[in-house]
Amino acid sequence: MPWDGEVANPIEEFSRVRAELGDTFAIEAPDTTYLFLFSPAGVQAFYAVEEAVASKGIADWQMLRRKLPDELFLDRRTFPHDLFARDDVAAYLDLVRDVLATTRAELGDDGDFDVFSFTRRLGHRIGLTTWAGPCGQPGARLDALIEALDALDGAAAFVEPGGMQEIAANGKATEYAALARAEELIAEAIAERDAEPVRFEDHFQRIVDAWAGEPNRAQGIARDVVLVHLGSMSNLFAALGWYLIDVVSRPAVLAAVRAGDRDVAERSALESLRLSQRSVMMRAVSKPCVIDDGTTQYSVERGVTLATLLPLTNTEGLDLEQWDPDRWQRRRLRADRLPAARELVTTFGHGPHTCPAQPFSLSVMTESVMDLVGHYDFTPHFASPTPVPGQIGGVARASTPCPMTYQARPSPHPSRREERRPSRELTRAELAERAARQ
C-alpha cells in the first residue's frame with residue numbers, strides 16, 4: 001500500500017491490478033490484509049455490513065493516526081456528528097455569509113489568486129467561525145491558527161502517503177509542535193469568551209460547556225476544536241476549488257447559478273465532488289463475517305480491512321467519466337442514470353455511513369460559489385488541472401497551481417442582506433449583542 005512504500009500513482013496501479021486479478025482481490029500489507037471489492041454485489045456488501053462488525057471509524061482512525069498525534073483522539077467530548085443537525089446547518093449559514101462578505105471586502109474589486117490556496121483559507125475561516133467563534137475573526141491569531149492547522153492536517157496521510165514513514169521516524173515532532181501552538185491560540189479565545197459579560201449560545205459555547213469544571217479544560221476544548229475542524233474541513237476546501245473551476249468554465253451552468261438556481265448549483269457541487277473523489281474507503285473487520293461479491297462468498301477474519309476505491313467505481317460506465325449535473329435529482333442519481341448498483345457511485349457515502357457533514361458541506365459549497373460568481377467575473381489562467389498522482393484518499397488536490405484573475409461585476413442595487421451586513425470584523429460588543437439576541 002502507498003503508506004508502506006512509495007507508489008508513484010496508486011490509482012493507476014490499482015486499475016492495473018484489478019484488470020489483471022478481477023473485481024475482488026487481496027493485498028497483504030505489514031499491518032493487515034486488504035480485501036478490495038469492486039463488483040456491484042461486492043460494493044453493496046461493503047456498505048451493508050454493520051459498523052459493529054466492520055468499522056469505518058476504526059479504519060479512518062488507523063489511517064489518520066499515521067499523521068496526527070494519538071493524544072488528539074483521546075477523551076474527546078465533541079465530534080463532527082455532534083454539530084451537524086438540520087437546525088445547526090441553518091444557523092451556520094448566517095456565519096458563512098458573514099465570512100463571504102468579509103472575504104469579498106479583502107479581495108477588493110479585482111486581483112488574482114490560486115484557486116486552491118484561496119478556497120483552503122476560505123474553508124479554514126468558515127470552519128473556525130462556525131465552531132470556534134472568535135478564532136475565526138480576521139487577524140494575527142487566525143493566520144497563526146491556520147498555519148498550525150495546515151501543519152497538523154491529517155489529510156496528508158492520504159494526499160502524501162509516501163511521507164508517512166518519515167513522519168513516524170521523526171516521532172511526529174512537527175505535528176506535536178503544531179498541536180501545542182493551536183492549543184495556545186485557542187486558549188486565548190477561551191479566555192476572551194470567559195471574560196464576556198453575557199453568555200453566548202453559539203457552537204463554540206457547546207464545546208466550552210462540555211469541559212466545564214475540568215482541570216484540563218482549555219486543552220480539552222482546544223483538542224475538540226482541532227479534531228472537529230480537521231475532520232470536517234480537510235476535504236471541503238479541495239471540493240470547493242474543483243466546484244468553482246467547473247462552474248466558471250461552463251457558461252450555461254454559470255448563468256444558471258448567477259440567476260440564483262440553487263438546484264443547479266447543488267447538483268453541480270455533487271458532480272464536481274463525484275469526479276474529484278480519490279477516496280479509498282476502508283472498514284476494519286472486528287468480528288468474523290461473510291462477504292458475498294456476487295460470485296464467491298468470502299469468510300473474512302478479524303483484523304482484515306475491507307476496501308473499495310471511489311476514483312475507479314465513480315467513473316465506470318453510463319458516461320460517468322463526463323461532468324454532467326443533470327444526472328442528479330436533488331441529492332440522488334436519477335433512476336435512468338444508475339449504474340448496476342447505486343453504491344458504485346459515491347459522494348458522501350451511503351446509508352449509515354453517509355457523512356454527517358453532507359448538508360453542511362453542500363450548503364457551504366453552494367452558498368460560497370453562488371456568492372462569488374454573483375459578485376465577480378473569473379478568468380482561469382491554467383489548462384485542465386490534474387490531481388496529485390500519489391494521492392489515495394479524500395478529494396483530489398491539484399498537481400499544479402491554478403491561477404485565476406477576478407473582476408467585480410456591476411452591482412448597482414445591493415441586496416437588503418448585503419446592506420445590513422458590514423464587511424468588517426465585528427467588535428466584541430457586537431458579538432455579545434448578537435449572542436444575547438440568539
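The order of VAL290, VAL7, VAL369, VAL53, going from fewest to most other C-beta atoms within 10 Å of their C-beta, is VAL290, VAL53, VAL7, VAL369.
Averaged over residues, the count of other Cβ atoms within 10 Å places the peptides 273-284, 333-344 in the sequence 273-284, 333-344, highest first. The order of ILE58, ILE392, going from fewest to most other C-beta atoms within 10 Å of their C-beta, is ILE58, ILE392. In summary, the chain shows an alpha-carbon radius of gyration equal to 1.00 times the 2.2 N^0.38 Å reference for compact globular proteins. Only the Cβ atoms of Lys and Arg (+1) and of Asp and Glu (-1) were treated as charged; on that basis the dipole of the chain about its Cα centre amounts to roughly 880 debye.
The angle separating the long axis of helix 86-107 from the principal Cα axis of greatest extent in the chain is about 70 degrees. Sequence neighbours fewer than 8 away in the same chain don't count; with that in mind, list the aspartates and glutamates whose C-alpha is under 12 Å from LYS287. Filter leaves GLU50, GLU51, GLU301. Put simply, when 65-78, 177-190 are sorted by average Cβ atoms within 10 angstrom per residue, most first, you get 177-190, 65-78. When each of ASP31, ASP4 is scored by the number of other beta-carbon atoms lying within 10 Å, the sequence from fewest to most is ASP31, ASP4. For MET282, the shell of other residues with beta-carbons less than 9 Å away shows a net charge of +1, using +1 for Lys and Arg and -1 for Asp and Glu. Ignoring lysines fewer than eight residues from LYS172 along the same chain, the ones with Cα atoms less than 29 angstrom from its Cα are LYS56, LYS67. Computed over neighbours whose Cβ is under 13 Å from that of TRP242, the net charge equals +3, Lys and Arg +1, Asp and Glu -1.
Measure nothing but the geometry: give the 0 to 90° angle between the long axis through the Cα atoms of 140-152 and the longest principal axis through the Cα atoms of the chain, rounded to 10°. Helix 140-152 and the main axis of the chain meet at about 10 degrees. A simple count of charges around LEU185, restricted to other residues whose Cβ falls under 15 Å of its Cβ and scoring Lys, Arg +1 and Asp, Glu -1, yields -3. The long axis of helix 217-233 is offset from the longest Cα principal axis of the chain by roughly 60 degrees.
A protection proxy built from the mean count of other Cβ atoms within 10 Å ranks the segments 353-366, 34-47, most packed first, as 34-47, 353-366.
Just so you know, all these numbers are worked out from the coordinates, no wet-lab data involved. Only a predicted model underlies this, so the values are computations on that prediction, with no experimental measurement involved. In this analysis, Cβ positions are derived from the backbone assuming ideal geometry, glycine residues included, and neighbour counts consider all displayed protein chains.
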